[in-house]
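What follows is calculated from the coordinates using simple rules that are stated; it is not laboratory data. The structure displayed is predicted, hence computed values, not measured ones. With ideal geometry, Cβ positions are generated from the backbone for all residues, glycine too; neighbour counts draw on all protein chains shown.
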Ligand SMILES: Nc1ncnc2c1ncn2[C@@H]1O[C@H](COP(=O)(O)OP(=O)(O)O)[C@@H](O)[C@H]1O
Ligand SMILES: [Mg+2]
């Protein structure tokens, strides 16, 4: 029936099983204490004039902040998209029996995980200074197939995207590889024994199962990326945090504007958590464990859990 | 709805070889696991392979559909070399596409079932017929339901594998392999992972298939099944075939001391 198990005792005859949730007085004391602290913080938030809530409200939907937010979202989505693609590609390469592929993939993750993201971003931003023109062709051997001006190709946005996506790909590569390795070897064998080619087995059998292991850390990565985008201010990209900074450099309302940015980050993170829940639910198909709770269910659970002496009549067991 | 027809048993007097293994050698590093194994499986034949653990039975079975690369000898299915093609004087591994096509002609049932847990029973069965053989999904579904009826699990079509017992999962795995209409079915200890009370239901299904004339190679420790159903029994030890013949000869009147010793332990 109920999954609350820690404070449960079973009483009654076999045809009517009552599950009583005894509430410990200690929990009530702790709950009261926490509520008191929360109230104190809320009171402080509302009464401290330095927080200047009217300024916060004034800037919250202002054009520069909303544009910054959109930039942040755009960068997060694109960098994650390419990062996940790169991660999947390099994870499969890492696991390939073909030596050159696995070596290249290993080198990629080694390099991009091993150097600071900030340095990588500055590097891409200054690419034009290092290489004024970009030539595409086979080194030493072939003719140049394509050539272009680095300053025109690597715009601040491109530099930011390149830096974030390449770095993300290296982390996602390890996450995806871990997911693939978590799937029992027998699955691959059963798939190829049924005449599937490796690529099909990967797509239809291995990856869908690996997703259950891949999704939770990927959710972490997305939220991390949301905030990593604030690093791209070094490429003069006015994303959310940098937009707020540009404002308070002018108006000196530092704290209110940082609050504006933080609230937006919290809102987006909350939305992302909900999305993650539904993705996890999707890939939990056929699983043995219960599905994770929705954020809403978690809140409900919190309030029902400590209800004293809640009585549930169990199904009659013949 | 029609139950897929399975090739009839051996036509009297006419021997049709389905699977031929010649001088098969396989090593894992320094360990020589198969030291030259020969066998012939005719159409409609049920061959049981018995032998102590570690004698190379699984490796032999896995070499037959090229789940393992081999180091010597050859495997032929319907006269066609499996896994390799002759290039001058050398064997080279077939490209994946051709390998996959050969594997569709051999069904394999594993000790640990290996159903796809994220797909329903029905999806498990039609996945390869639709995805690999490009069958019409509607027809594939009908065939799958007929096969499920045959293994006694028609009402479980929409369940996920983890909602089924081990015996039921293995029966689904058998239906899944049969859906590819293979020329031969390879079973690697299909009942070894099952609770004792579930072994019977899987063996019953296999018995029915044998009676219908399906060509089967079965690695098993179920001596009762071998005695009752097999057309031939092959005893392996240390990577070689020690003794082979009719089940009554090999199981009830073994000639080789190693066979006698093994049987005295398991019977
Ligand atoms: N992938 C492998 N790598 C190394 N040794 C293996 C591998 N697979 C099987 N072996 C070894 O080969 C021998 C035969 O194994 P196997 O064919 O599984 O025997 P059986 O199925 O008869 O119990 C055993 O000694 C086993 O340890
Ligand atoms: Mg074995």
Could you give me the percent of Cα pairs per 5 Å distance bin for the stretch B:131-191, shortest bin first, beginning at zero and ending with the bin that holds the maximum distance? 4, 17, 27, 25, 19, 7, 1
For chain B, what relative contact order do you get, as a whole percent, if you take Cα pairs closer than 8 Å and at least 6 residues apart? 26 percent
Give me the one-decimal nm value for the distance between modelled label points at residue B:253 and residue B:139, 7 Å along each residue's Cα-to-Cβ direction. 5.0 nm
So the FRET efficiency between residue A:198 and residue A:255, C-beta based with R0 = 51 Å and rounded to 0.05, is 0.35
What's the exposure ranking of B:206, B:223, going from fewest to most Cβ atoms within 10 Å? B:223, B:206
How would the stretch B:193-248 be classified by its alpha-carbon gyration tensor: rounded, prolate or oblate, with rounded meaning a/c under 1.5 and the a/b versus b/c comparison settling the rest? oblate
Cut-off 10 angstrom, C-alpha nodes, Gaussian network model of chain B. Which of B:123, B:170, B:89 fluctuates the most? B:89
Rounded to the nearest 0.05, what FRET efficiency is calculated for residue A:273 and residue A:126 with R0 set to 51 Å and r the Cβ-Cβ distance? 0.90
For the stretch A:147-257, what is the per residue volume of the convex hull drawn over the alpha-carbon atoms, in cubic angstrom? 127 Å³
Isotropically averaged projected area of chain B, using the convex hull of Cα atoms (one quarter of hull area), nm²: 15.3 nm²
Multiply the residue gap between residue B:227 and residue B:89 by 0.36 nm, knock off their C-alpha separation, and tell me the result in nm, one decimal place. 45.4 nm
What whole number of Å gives the distance from the Cα centroid of the stretch A:195-273 to the Cα centroid of the stretch B:92-163? 40 Å
Between the modelled labels at residue B:192 and residue A:301 (7 Å from Cα along Cα→Cβ) the distance in nm is 4.1 nm
Cα centroids of the stretch A:84-142 and the stretch B:63-90: how far apart, whole angstrom? 40 Å
Mean separation of Cα pairs under 8 Å and 6+ residues apart, divided by the residue count of the stretch B:184-249: what relative contact order is that in percent? 30 percent
Which of B:232, B:128, B:53 moves the most in a Gaussian network model of chain B with Cα springs under 10 Å? B:53
Rg(Cα)/(2.2 N^0.38 Å) for the stretch B:146-231, N = residue count: 1.04
Extension reserve of the residue A:184-residue A:99 stretch, reckoned as 0.36 nm per residue once the Cα distance is removed: 28.3 nm
Could you pull the Cα extents of the protein assembly as shown along its three principal axes, largest to smallest, in whole Å? 100, 87, 48
Using a 7 Å offset from the Cα along the Cα-to-Cβ direction at both residue A:36 and residue B:27, what is the distance between the two label points in nm, to one decimal? 7.8 nm
Centroid-to-centroid separation of the stretch B:207-261 and the stretch A:45-78 [C-alpha atoms, Å]: 77 Å
Log10 I(q)/I(0) at q = 0.13, 0.19 Å⁻¹ for the stretch A:30-178, from Debye over equal alpha-carbon scatterers, is -0.82, -1.17
Ranked by Cβ crowding within 10 angstrom, fewest neighbours first, how are A:207, A:164, A:35 ordered? A:35, A:207, A:164
Highest mean first, what order results for B:237-244, B:74-81 on Cβ atoms within 10 Å? B:237-244, B:74-81
How long is the gain from residue A:43 to residue A:67 if the chain were fully straight, where each residue apart is worth 0.36 nm and the alpha carbon distance is subtracted? 5.5 nm
The stretch A:18-88: translational diffusion in µm²/s, Stokes-Einstein, Kirkwood Rh over Cα pairs, 4 °C, 1.567 mPa s: 75 µm²/s
Averaged over its residues, how many other protein chain Cβ atoms are within 10 Å of peptide A:181-193's Cβ atoms? 5
The computed P(r) of the stretch A:131-178 puts the percent of Cα pairs beyond 16 Å at 59 percent
So how do B:225, A:33 line up by other beta-carbon neighbours within 10 Å, fewest first? A:33, B:225
Under the classification rounded if a/c is under 1.5, otherwise prolate if a/b is larger than b/c and oblate if not, where does the stretch B:216-267 fall, given a ≥ b ≥ c as square roots of the Cα gyration tensor eigenvalues? rounded
Given springs between every Cα pair under 10 Å in a Gaussian network model of chain B, which of B:126, B:174, B:40 has the largest fluctuation? B:40
